[in-house]
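**Q** The following block contains the structure, expressed as structure tokens.
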Amino acid sequence: MKAFVLFVSLCLLTPFSLAHHSVPVNFDTSDTITVSGVITHAKWINPHSQIYLDVTNEDGSITPWLVEMNALNTIQRLGRQLDMYPEEFVVGDELTVIGWRGRNMNAVYFRKATLANGKEIIWESRLDPDLTRVETFD
């Protein structure tokens, strides 16, 4: 009976163990980019919050981009220390994000952002003191 319960428990937990991934699996931490666009949607969720941007290309066409960031509970816990609040990311506002390029999609992992009102938010400055000197890449 114990073996059966263990087997069933493992089967039920397997999908959850596959659900989360480390950042370097989906983002190239050696390739920092800058993306600017208009916020179209935001999801403040766990395990990763997401902001969606419409980015206007040089030819006038629009490409949707995903900005991925930490979990909502992490943002709520550390947000006050970094002066970052979800309600500051307003649909329709311009947002510029500096972060790591997505490996397989138009995505960027949030490291630093400039809001429409000019406010800068540096998320992981405690890990990367040089983040304020990041160069822009096309």
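The values are calculated or read from the model by the stated rules, or taken from the named source; none is laboratory data. Remember, predicted model here, so these are calculated numbers, not experimental data. Positions of Cβ are generated from backbone atoms using ideal geometry, with glycine treated the same way; all protein chains shown enter the neighbour counts.
**Q** Any chance you could count how many residues in the range 87-99 are surrounded by 15 or more Cβ atoms within 10 Å (Cβ to Cβ) and of a type outside the set (Val, Ile, Thr)?
**A** Matching residues across the range 87-99 total 4.
**Q** Can you tell me which condition SER49 does not meet? The list is (1) in contact with a Pro (Cβ under 9 Å, 6 or more places away or on another chain); (2) modelled with pLDDT under 90; (3) surrounded by 17 or more Cβ atoms within 10 Å (Cβ to Cβ), and all the others hold.
**A** That leaves (2) as the condition not met.
**Q** Within the range 59-79, is even one residue touching a residue at least 60 places away in the same chain (Cβ under 8 Å), crowded, with 17+ Cβ neighbours inside 10 Å and either touching a strand residue (DSSP E or B) at 6+ places or on another chain (Cβ under 6 Å) or in a strand (DSSP E or B) (or both)?
**A** no
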